[in-house]
Amino acid sequence: MLRLLSSLVLLTLFNAITSFELIADEVQQERPKIGLALSGGGARGAAHVGVIKVLEELRIPIDYIAGTSMGSIVGGLYASGMTSDEVAEQLAEIDWDDVFNDKPSRPERSQRRKSDDLLYLAKGKLGVTEKGVRFPSAVVQGQKFDLILKALTLSVSNIDDFDKLPIPFRAVAMDIATGEEVVLGTGDLSLAMHASMAIPAVFAPIELEGRLLVDGGSANNLPISVVRDMGADIIIAIDISTPLLKKDQLDNALAVIDQLTGILTSRNVVAQVKTLSEKDILIVPELGTISTMGFDRVLEAVELGMTKGHEITSQLVELSLDETDYQQYVSVHRSFKWNKPIIDFIRFDNDSSLDEQVLRQHLAISAGQELDINTIESGIETLYGLDVFQTVRYDLVNEDGKTGLIIKAKQKEWGTDSIQSGIELSSDFTGESSFNLGFAYTKLPLNSLNGEWRTAIQLGEDLGFLTEIYQPLDPAARYFVSAGVSWTNQDIRIFSDLDGRADAEYEVGKWEFRAAIGRNIGKWGDVRIGISRFVGAADVAVGSTSLENFDFDDGYFFARATVDTLDNLYFPRSGYLSSVKWTSASETLGADSEYDQILLSMAGAKSWDDGTLITSLRIGSTLNGDSAIHNRYRLGGFMNLSGLEKNQLSGQHVGLVSLAYQHRVYRSQLFPVYVGGVVQFGNTWEEKSDISARKLIGSSTFFIGADTPIGPLYLGYGVAEGGNQAAYLFLGQPFF
């Protein structure tokens, strides 16, 4: 009887527990699933974060997220396990100006690529293939954007099914070939987000599963239908779309094109909003003048999103959970830990003609080390700086219990050979002006070690021709050889005093052959030794009948060391540039006379906010003998003792010290503008005994300048001792 009673009690307890669990499950299932639909809108999308902050404050769970363009960035990061505060912090830390510039920062380029700044002014290059000249697919390939998104999503890099993210997620893109909406729910989260925000013609399309994908705004900018298909019972839709322009704002072609895009986007947003039911919530933050590209106002947009969220608290609070249930939700959807793995192996997916060892050596990462994002990004930036690849991406994979780093290097589709052009225009508004137009063709890579062959011509005031080969000798490009032949034809004026009147003008034409062997020192400099051989003629163009034409021969050994960390050659804000060159002319190399020269140049820049102080020093001396006409030191002209005529001073010795201040008055990645002033003291001397600080000539320069896509642009005014003054207009510089 006792045993029977015990059995009945146990059965009763079991039934009670089972019933309780079923009731709990029913309660849990009764909670409606909430989906978040986030629209595109560029920088305005930061308002999404502000609204999400309010949802967190009100303990509102999010079960599904779908986003388009910037909405996919915010939604994807939040779905990956970040809190709203973390998403806001990451958006604010991104240098958005830099995102829209694929080119590695100048200090991160090799010395070879830095030296390009001295030669070719236009930043854009046209590719050359067997099919002819081709343009890149977009202004920006998105290389830096790739690295940023990859770093932000590394914690979920092993998840390729977006339903298995802490919060199920979808990114919306558009197939540029068909115009169809493409919903991305599998694959690489960072690439899906990138594809969703690949603004046509600005960012290159992302190729996924045979489709070319671009920004999804024109297909479905507010993906309500997508999040509903995911299973959402209630939808919170946040629309931060850029409003259409008013009639009086449509006053130029760019505004009209922007309006056409806006119309396509607004129509699909209206269609999506019409599908909302009474239980759904539409939130439209009031973002005022924050524009699509106003990324400097990201934190302001977050605050405005919070403001709008608080305004509709009475609607949202109905979706709130109690503290216990919400903490249980957070523990499931927000608790996501990730530890940095050890990289067991490194593999390359390389479709270029470069030897894999070239990539491996430039990447400079070894297996057996803990994953270091900064090191990986630095190595990839170095690879991208080789100027061969369209994109260089990386993936983390798990194979047989080991973690691997896969480097995917995709060669430029529009051709690695390139054509560049440059323009140089200068005038001192006194009748002295010059105009030069240059073109260059570069074949790259010339071989598996990334050799290159460059040929350039210059037409105009200063004629010139150059062909040269630069060949690394090892996969890491530590050692190199270079050789080239050039011809130049320039007018050189001879002055005897500071009155600004030239005594004579020679037309100097010369051929040069140069060869060198060198050693690159990291990314910050190189050393080289070599020989140069000149054959030239100087013909009197203007001057006394007593002057005679003459030929000259020169040949010398040279050694040069360069250290260059400047962030910009023309408008530097940080870094330094130092070089020392020794020249020794020898009759055994064909020189008319023997002489030795040494030239030391130093410059450094230090910035505070938008202000920059730049100091520089140039000291040169002919140690013995007399240098050839083409190797004399010269001063005079803009930023070279402004106020004096170009090359007005000439001698066997030179000294020049400069102190400059520039202030950035317009911040732009494409067209930054500066104003500034320069104070200089310098002179040239014929004899060492003449060198004296008392004989230094002072000069002051005031300028406004811009770093344009076709070269540095200056408008300036200079005054030098002796009443010499001149106004200047400069665009670029000659190639030779």
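The values are calculated or read from the model by the stated rules, or taken from the named source; none is laboratory data. Since this is a predicted model, take the numbers as computed values, not measurements. Note: accessible area is taken over every heavy atom of the protein model, side chains too, but ligands, DNA and RNA are not part of it. Shrake-Rupley method; radii C 1.70, N 1.55, O 1.52, S 1.80 Å.
Structure values in brief
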quantity: All-pairs Cα distance distribution in region 93-139, expressed in whole percent, bin size 10 Å; calculated: 19, 40, 35, 6, 0
quantity: Convex hull volume per residue for the chain, taking Cα atoms only, in Å³; calculated: 208
quantity: Across Lys131/Lys410; Lys581/Lys688; Lys150/Lys606; Lys123/Lys523, pairs whose alpha-carbon gap is larger than 22 Å; calculated: Lys150/Lys606
quantity: All-pairs Cα distance distribution in region 272-428, expressed in whole percent, bin size 10 Å; calculated: 8, 19, 18, 19, 23, 11, 2, 0
quantity: Accessible area of region 64-138 divided out per residue, in Å², using a probe of 1.4 angstrom; calculated: 39
quantity: Separation between Cα centres of region 69-92 and region 620-672, rounded to whole Å; calculated: 50
quantity: For region 634-736, convex hull of alpha carbons as volume per residue, Å³; calculated: 98
quantity: Solvent-accessible surface ranking, highest first, for Leu715, Leu152, Leu599 at 1.4 angstrom; calculated: Leu715, Leu599, Leu152
quantity: Accessible area of region 578-721 belonging to carbon and sulfur atoms, whole % at 1.4 Å probe; calculated: 61
quantity: 10 Å-binned pair-distance histogram of region 419-469 (Cα, whole percent); calculated: 23, 37, 24, 11, 4, 0
quantity: Separation between Cα centres of region 115-168 and region 471-492, rounded to whole Å; calculated: 30
quantity: Shape box of region 507-579 [Cα atoms, principal axes, largest first, Å]; calculated: 53, 30, 13
quantity: Probe 1.4 Å, protein heavy atoms only - accessible area per residue of region 358-425 in square angstrom; calculated: 39
quantity: Mean accessible surface per residue for region 687-736, computed with a 1.4 Å probe while every protein chain stays in place, in Å²; calculated: 50
quantity: Projected area, mean over directions - region 95-247, Cα convex hull, nm²; calculated: 14.0
quantity: Whole-Hz ³J(HN,Hα) from phi, Karplus 6.51 cos²θ - 1.76 cosθ + 1.60, for region 566-572, glycine and proline x; calculated: 4, 7, 7, 6, 9, 10, x
quantity: In Å², nearest 10: area of Lys581 left accessible to a 1.4 Å probe; calculated: 60
quantity: Mean Kyte hydropathy of -0.5 or more with a Cα span along the axis of at least 18 Å, helices from DSSP in the chain; calculated: 2-30, 253-273, 298-311
quantity: C-alpha center-to-center spacing [region 324-397, region 218-232] in angstrom; calculated: 32
quantity: Out-of-range pairs (alpha-carbon distance over 19 Å; input Lys53/Lys308; Lys125/Lys408; Lys125/Lys443); calculated: Lys125/Lys408
quantity: Semi-axis lengths (Å, descending) of the ellipsoid that matches the C-alpha gyration tensor of region 390-547; calculated: 46, 19, 15
quantity: Per principal axis, descending, Cα span of region 653-710 in whole Å; calculated: 49, 20, 11
quantity: Length-normalised contact order of the chain in % [C-alpha pairs under 8 Å, at least 6 apart]; calculated: 11
quantity: Alpha-carbon Debye profile of region 264-357, log10 I(q)/I(0) at 0.11, 0.12, 0.23, 0.25 Å⁻¹; calculated: -0.73, -0.80, -1.25, -1.26
